[in-house]
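Q: Here's a structure for you.
What follows is calculated from the coordinates using simple rules that are stated; it is not laboratory data. Please read these numbers as outputs of a predicted model, since none were measured by experiment. As a convention, Cβ positions derive from the backbone with ideal geometry for all residues, glycine included, and neighbour counts pool all protein chains shown.
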C-alpha cells in the first residue's frame, strides 16, 4: 500500500481479511455490499494539504457504504437489516 503519486495501480492497494471483534453495547457488525467512489476521494490519496485529510495507510477507506447487519448489539437493528454508513 502506498500514497498514490500518479494513476492508481493494484500495488497501491491491499485486500485483507481481518478478525473483527464482537459488537459492543449499541454497536452492529455490517457486511458492506457497496461503497461509493467519489471524485473528492482522489484528493485523499495524496499526502498533502487539502480540505479533507488523506486516507491512512493500513486503515479501511472512509466513504459512503451500503451493507447488511450481520450481528447486532443495538435494539434498533437486527441481522438482515439494510443500513447506510460512512464506513466503506
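Q: Considering only 70, 30, 52, give the residue with the highest GNM mean-square fluctuation for the chain, with springs between Cα atoms whenever their separation is below 10 Å.
A: The residue with the greatest mean-square fluctuation here is 52.
Q: Pick from 29, 15, 61: which is most flexible by mean-square fluctuation in a GNM of the chain where alpha carbon atoms under 10 Å apart are linked?
A: 15
Q: With labels modelled as points extended 7 Å from the Cα through the Cβ direction, what inter-label distance (nm, one decimal) is found for residue 50 paired with residue 10?
A: Inter-label distance under the simple model: 2.5 nm.
Q: Next up: With contacts defined as alpha carbon pairs under 8 Å and 6 or more residues apart, what's the relative contact order of the chain in percent?
A: 31 percent
Q: Return 71, 78 ranked ascending by Cβ neighbour count within 10 Å, so the fewest neighbours appear first.
A: Least to most surrounded, the residues fall as 78, 71.
Q: Another question about this same structure. Using label points projected 7 Å from each Cα along Cα→Cβ, tell me how many nm separate residue 34 and residue 68, to one decimal.
A: 1.5 nm
Q: Among (1) 31, 25, 17; (2) 45, 26, 20; (3) 36, 33, 22, which is the computed Cα extents along the principal axes in Å?
A: Of the listed options (1) 31, 25, 17; (2) 45, 26, 20; (3) 36, 33, 22, (2) comes from this structure.
Q: As a test of the formula, what do you get for the chain when each DSSP H run with n ≥ 4 contributes -39,500 (n - 2.57) and the sum is divided by the residue count, at 222 nm and rounded to the nearest 500 deg cm²/dmol?
A: Value at 222 nm, helices only, nearest 500: -500 deg cm²/dmol.
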